[in-house]
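Structure record follows, encoded as structure tokens.
The values are calculated or read from the model by the stated rules, or taken from the named source; none is laboratory data. Nothing here was measured: the structure is a model prediction, and the numbers come from that model. Note: ideal-geometry Cβ built from the backbone for every residue, glycine included; neighbour counts use all protein chains shown. When the accessible area is computed, the model is the full protein with side chains, heavy atoms only, and any ligands, DNA or RNA have been set aside. Shrake-Rupley method; radii C 1.70, N 1.55, O 1.52, S 1.80 Å.
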Amino acid sequence: MTCQHPYRSAHCTKAWLLVILLTTWASSASAQPSLEHSKEGSASGLNTEQKDSPPNGRLAPALDPALRRLALVGRWYGETKTADGQSLRWLTHREANGTYRTQYLVNKAEPEESIEIGQWGLSGSVFFTIQRVWIRNGETQRVDGSNVYTYDAYDITHIAEQSLEYRSAGSGKRFTVRRVGTSFELGRSVSK
């Protein structure tokens, strides 16, 4: 099953329902945290927030890893502060084929923009990226695969249909991102 835009497609909404049903069934049998159906909620009426965090801070894997992975496909926006207090914003577009493109914007007197392109994946509750290309100041550079800093791994600590929280396995830094629409660009309102 492939889905380019899980927040827009009826086919993908069915996939979310299947994830919710399967994990709710599994959790009732094993007393593990589950994904649940919301009475309030998002545009699709789904709230896939996990009720409790497990003791190790990781999410219990869904029964079908393909559906769990599908939840990460799409466009995600995040922001944080850099070590020197500057605002760092990013927009990541993860494709179902395992590729991603992240645009970064650091707000300084002269804003700095860069783009990272690579591959991504999910194993259990560990989300990872492998950077292949870096575009900075209009120059495209292939990334040396022997450089250990081009590989990143993150423990997913919270996942919902419209938001995702994860912690860097290397630094421990936490990140929160939210799903955005196809018309969203860095520098525009995050209300989409």
**Message:** Tell me whether segment 65-87 contains one or more residues that are surrounded by fewer than 17 Cβ atoms within 10 Å (Cβ to Cβ), within 17 Å of the chain's Cα centre (by Cα), of a type in the set (Lys, Arg) and at pLDDT 90 or above.
**Reply:** no
**Asked** If a residue has to be open to solvent by 90 Å² or more (accessible area, probe 1.4 Å) and either aromatic (Phe, Trp, Tyr) or closer than 19 Å to VAL73 by Cα (or both) to count, how many in segment 142-161 make the cut?
**Response** 2
**Residues located in segment 69-84, provided they are part of a loop (DSSP other than H, G, I, E, B) and more than 13 Å from VAL106 (Cβ to Cβ)** = ALA71, LEU72, VAL73
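Confirm whether THR102 is in contact with an Asp or Glu (Cβ under 6 Å, 6 or more places away or on another chain) and free of Cβ contacts under 8 Å to residues at least 40 places away in the same chain.
Details: in contact with an Asp or Glu (Cβ under 6 Å, 6 or more places away or on another chain): yes; free of Cβ contacts under 8 Å to residues at least 40 places away in the same chain: yes.
Considered against the rule, which asks whether it is in contact with an Asp or Glu (Cβ under 6 Å, 6 or more places away or on another chain) and free of Cβ contacts under 8 Å to residues at least 40 places away in the same chain, THR102 comes out as yes.
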**Prompt:** If you scan segment 124-142, which residues turn out to be modelled with pLDDT of 90 or more, more than 13 Å from THR102 (Cα to Cα) and more than 22 Å from the chain's Cα centre (by Cα)?
**Reply:** GLU139, THR140, GLN141, ARG142
**Message:** Could you go through segment 165-185 and let me know if any residue there is buried (at least 17 other Cβ atoms within 10 Å of the Cβ) and of a type in the set (Ser, Thr, Tyr).
**Reply:** yes
**Asked** Restricting the search to segment 104-135, which residues are over 18 Å from TYR149 (Cα atoms) and either assigned to a strand (DSSP E or B) or open to solvent by less than 50 Å² (accessible area, probe 1.4 Å) (or both)?
**Response** LEU105, VAL106, ASN107, GLU112, GLU113, LEU122, SER123, GLY124, SER125
**Breaking point among (1) outside any strand (DSSP E or B); (2) among the hydroxyl-bearing types (Ser, Thr, Tyr); (3) under 18 Å from LEU70 (Cα atoms), for THR92** = (1)
